[in-house]
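Below: the structure, in C-alpha cells.
Read-outs throughout are calculated quantities, based only on the coordinates presented, and are distinct from any laboratory measurement. All values reported here derive from a predicted model rather than from experimental measurement. Methodologically, a virtual Cβ is constructed for each residue, glycine included, from the backbone with ideal geometry; neighbour enumeration extends over all protein chains shown.
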Amino acid sequence: MTMELALSVNGRAHALIEMFVAAKAEHKIEVSRGARGETLIDAGSHAQGSISAGLALADICMGGLGKVQLTSSSATPRWPWTLIVYSSNPVVACLASQYAGWRLSYGEGRDAFFALGSGPARALARVEPLFETLDYRDSAKSAALVLESLRAPPPEIVDQVLKACVIAPERLTILYAPTQSLAGSTQIVARVLEVALHKAHELKFPLGRIVEGVAAAPLAPPHPDPITAMGRTNDAIIYAGRVHLMVLGAAADARALAEQLPSAGSRDYGRPFAEIFKQFKGDFYAIDPMLFSPGQVTVTALETGESFHTGQINLKLLDASFA
C-alpha cells in the first residue's frame with residue numbers, strides 16, 4: 001500500500017526553485033518559457049551555470065528533504081573540495097526524488113532526444129518499477145524535473161511528463177544541465193548518498209530501516225568531453241565517496257549491509273570509470289551494478305550503538321581519473 005505523506009517533495013522543491021530563479025544572475029542560469037508553457041531553467045547548457053547552481057540543483061533534486069554543502073576535507077588531499085550530503089528522510093529524498101531513474105526519449109536519428117530524469121516529478125509520475133517498493137506518493141499540483149541534458153527537452157517530452165504527472169503546463173519546471181558543466185558535475189557527485197541507498201535496495205535491505213544518512217565525495221573537476229566528465233563524477237563516488245547510514249534492527253544486519261555496500265566488492269572495480277565504460281562499448285547496463293556505490297562505508301545499528309566500517313578511499317584511482 002502506498003502512503004501519501006505530509007512532506008511533499010514537489011511542494012518543497014517549488015519554494016527552492018523560486019529562490020533559485022530570484023538569484024539567477026548570481027547562479028549564472030537562464031530562465032525561459034517552453035512551447036507548452038512550462039518553465040525551463042538552463043543551468044549549464046547555453047548558460048554558463050556555476051557550482052552554486054549545482055548545489056541548488058542537488059537540493060531541488062532531493063525535494064528539499066536533504067541538504068548539500070561544499071566544504072574541504074583532508075581525506076582527499078589533492079582534491080580537498082568536497083560535497084557533504086545529509087538527510088533525515090533519506091529514502092524519500094534519495095530514491096523517491098533524487099535518483100535519475102526516469103528514462104525519457106523521443107524521436108530517432110540526429111533529432112532524437114534522450115535524457116535521464118531525476119527530481120520530485122518522479123514521485124508524481126511513479127512510472128518506474130522502483131516505485132513498486134517505495135511507500136511514498138506525492139500529490140502536489142506543481143512538479144520539478146531535473147534532466148542530465150545538453151539541451152532543453154522538445155515539446156513531445158514535455159507532453160510525456162505532463163501526462164504522467166497530471167499537472168498543468170504552467171506548474172511544471174524542467175531544469176537541465178549536461179554532466180560536463182559546473183552545475184551538472186556538482187549535482188551528480190551530490191548523489192553519493194543516493195547511490196548508497198540504491199545499492200542497499202539492490203541488496204534487499206529493508207529501506208524502512210534506514211532512518212538517517214550522511215555522505216561525502218570530492219567535487220569532480222568538469223571536463224568538456226562528456227565521457228570523461230561522466231567518468232569523473234562516477235569515480236568521485238566509487239573511489240572516494242564516504243557514507244554513514246543509521247539503521248534500525250539487528251546489529252548483525254547492519255554488519256552485513258556494511259560488508260556488502262562498498263564499491264570494492266564489484267567485479268569491475270579497479271580502473272577509472274571512463275575506461276570501464278569504453279570496455280563495455282558504451283553499454284552502461286553491461287557494467288556490474290554493484291560497482292555503483294561509495295568506496296567507504298559506515299553503518300550504525302541504532303538499537304545497540306554498534307558501528308561497522310568497511311571499504312577504503314582509493315587516492316591512486318581518483319588521481320588517475322581527475323588528473
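Summary table
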{"read-out": "Calculated log₁₀ intensity ratio I(q)/I(0) where the Debye formula runs over C-alpha points of segment 128-246, q = 0.16 Å⁻¹", "value": "-0.99"}
{"read-out": "Sparse-neighbourhood loop sites, trypsin sites (Lys or Arg not before Pro) in segment 131-232 - DSSP loop, at most 14 other Cβ within 10 angstrom", "value": "K141, R151, K204"}
{"read-out": "Mean Cα-pair separation over length for segment 85-170, i.e. relative contact order, pairs under 8 Å, 6 or more apart, %", "value": "28"}
{"read-out": "Dimensionless Rg/Rh of segment 55-106 - Kirkwood Rh, Rg from C-alpha atoms", "value": "1.10"}
{"read-out": "Normalised contact order of the chain, rounded percent, pairs of Cα under 8 Å and 6 or more residues apart", "value": "18"}
{"read-out": "For the chain, calculated [θ]222 nm from helices alone, where every DSSP H run of n ≥ 4 adds -39500 (n - 2.57)", "value": "-9000 deg cm²/dmol"}
{"read-out": "Using θ = phi - 60° and Karplus 6.51 cos²θ - 1.76 cosθ + 1.60, couplings along segment 174-183 (whole Hz; Gly, Pro as x)", "value": "10, 10, 9, 6, x, 4, 7, 8, 4, 5"}
{"read-out": "Karplus-derived HN-Hα couplings along segment 139-150 (A = 6.51, B = -1.76, C = 1.60, θ = phi - 60°), whole Hz, x at Gly and Pro", "value": "10, 5, 9, 10, 9, 10, 10, 10, 10, 7, 8, 7"}
{"read-out": "Estimated inter-spin distance, V211 and E303, nm [label 7 Å along Cα→Cβ]", "value": "1.1"}
{"read-out": "For segment 91-132 versus segment 1-69, the gap between their alpha-carbon centres in whole angstrom", "value": "16"}
{"read-out": "20 Å binning of all Cα-Cα separations within the chain, expressed as whole percents from 0 upward", "value": "34, 59, 6"}
{"read-out": "Packing-based exposure ordering (other Cβ within 10 Å, fewest first) of L95, L134", "value": "L134, L95"}
{"read-out": "DSSP-assigned coil residues among trypsin sites (Lys or Arg not before Pro) in segment 64-134, each with at most 13 further Cβ atoms within 10 Å", "value": "R78"}
{"read-out": "Rounded to whole Hz, the Karplus (6.51, -1.76, 1.60) HN-Hα couplings of segment 247-255, x for glycine and proline", "value": "10, 8, x, 5, 4, 5, 5, 5, 4"}
{"read-out": "Diffusion coefficient, µm² s⁻¹, Stokes-Einstein with Kirkwood Rh over alpha-carbon pairs of segment 1-100 at 20 °C and 1.002 mPa s", "value": "143"}
{"read-out": "Cα convex hull of segment 222-323, projected area averaged across orientations, nm²", "value": "6.7"}
{"read-out": "Separation in nanometres of the label points that stand 7 Å from Cα toward Cβ, at D283 and A256", "value": "3.2"}
{"read-out": "Highest-fluctuation residue, M290, M246, M19 considered, GNM on the chain with Cα pairs under 10 Å", "value": "M19"}
{"read-out": "Ranking of I227, I60 by count of other Cβ atoms within 10 Å, fewest first", "value": "I227, I60"}
